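A.B. asks: Got a structure for you, written out below as structure tokens; questions coming shortly.
The values are calculated or read from the model by the stated rules, or taken from the named source; none is laboratory data. Keep in mind it's a predicted model, so treat the numbers as computed, not measured. Here the Cβ positions follow ideal geometry from the backbone for every residue, glycine too, while neighbour counts run over all protein chains shown. Only protein heavy atoms, including side chains, enter the accessible area calculation; ligands, DNA and RNA are left aside. Shrake-Rupley method; radii C 1.70, N 1.55, O 1.52, S 1.80 Å.
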Amino acid sequence: MIQVRIPAVLLAAGLLGAAEPFPADPLQLKAPIAPAAAQAFLASVQRPGFLTLREIGRSAGGRPITLVHLNRGGSKARFRVLLVAQQHGNETSGKDALLYLVRRLARQPELLPVGVDLW
């Protein structure tokens with residue numbers, strides 16, 4: 001599990017808990033989700049045994065590269081799915097789309113089939 005330092009500005013703005021750093025409707029997203037907001041959001045939805053985070057490296061700019069793992073079936077997963085986003089710093093739409101997917105699965109874990117490891 002990674003430790004995430006949450007900037008005071010995010011805490012003061014209420015971006016954790018009920019409020020999130022991006023709108024409910026993806027079509028209302030006006031700008032890419034900032035790296036600090038994405039990290040804070042991911043830290044807020046971690047659930048041991050279902051949704052875990054691990055820092056696997058650092059970007060050239062020193063930001064954490066986070067591996068998100070979702071799994072409902074324990075170690076008996078029959079299928080492993082790897083989704084990669086924002087491998088280049090200026091390609092933010094994939095990262096934003098995956099954050100929406102993570103939020104949906106965090107709210108409705110039953111949508112992730114048992115036996116699927118989603119990385």
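A.B. asks: How many residues are open to solvent by less than 60 Å² (accessible area, probe 1.4 Å), charged (D, E, K, R) and either closer than 17 Å to THR92 by Cα or in a helix (DSSP H, G or I) (or both) if we restrict to segment 18-46?
C.D. replies: So the count comes out to 0.
A.B. asks: What is the residue count in segment 69-96 for residues that are in contact (Cβ under 8 Å) with a residue 24 or more places away in the chain and either open to solvent by 60 Å² or more (accessible area, probe 1.4 Å) or touching a strand residue (DSSP E or B) at 6+ places or on another chain (Cβ under 6 Å) (or both)?
C.D. replies: Residues that pass the stated criteria total 14.
A.B. asks: Name every residue in segment 47-68 that is without any contact (Cβ under 8 Å) to a residue 12 or more places away in the chain, outside any loop (DSSP other than H, G, I, E, B) and open to solvent by less than 60 Å² (accessible area, probe 1.4 Å), in order of residue number.
C.D. replies: Passing the criteria: only GLY57.
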